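Take a look at the structure below.
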Amino acid sequence: MYLRHYAILRLLLAGFFLYMAWPVIPEAVTAEASLFWGLWLGFFLLVAGSNFAALLQMISPPVMEQENAQRRQSA
């Protein structure tokens, strides 16, 4: 349960970054700006998708978080 908070916090942070970037995205005029925002949105989708998968327990948590859970179970 404790490790789910990390995924929720990462989703909230990614959502905040999207909230801040959304008004600026339509102002992209040049090809470089469009490429940047396209790559940024792709990275956002990867981050959001992986955190949703971790939250729904479709994937195992990161190694750093697994060690913490194993220590707690053995103690």
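The values are calculated or read from the model by the stated rules, or taken from the named source; none is laboratory data. Predicted model only: the values in this text are computed from it and were never measured. Virtual Cβ from ideal backbone geometry, glycine too; neighbours counted across all protein chains shown. For the accessible areas, the whole protein counts, side chains as well, though only heavy atoms, and no ligand, DNA or RNA atoms are used. Shrake-Rupley method; radii C 1.70, N 1.55, O 1.52, S 1.80 Å.
Observations
- Checked against the criterion of being under 25 Å from V63 (Cβ atoms) and open to solvent by 40 Å² or more (accessible area, probe 1.4 Å), the stretch 20-37 has no qualifying residue.
- Applying a threshold of 8 Å to beta carbon distances and a minimum spacing of six or more residues, or different chains, the list of pairs starting in the stretch 45-68 at a residue that is more than 17 Å from A14 (Cβ to Cβ) and part of a helix (DSSP H, G or I) and ending at one that is modelled with pLDDT of 80 or more and open to solvent by 50 Å² or more (accessible area, probe 1.4 Å) reads E65/Y6.
- All positions within the stretch 22-32 that are modelled with pLDDT under 95 and either assigned to a helix (DSSP H, G or I) or aliphatic (A, V, I, L, M) (or both): V24, I25, P26, E27, A28, V29
- Restricting attention to the stretch 2-17, the residues that are within 14 Å of the chain's Cα centre (by Cα) and open to solvent by 40 Å² or more (accessible area, probe 1.4 Å) add up to 10.
- Every residue from the stretch 25-44 that is β-branched (V, I, T) and either touching a residue at least 60 places away in the same chain (Cβ under 8 Å) or more than 28 Å from Y6 (Cβ to Cβ) (or both): V29, T30
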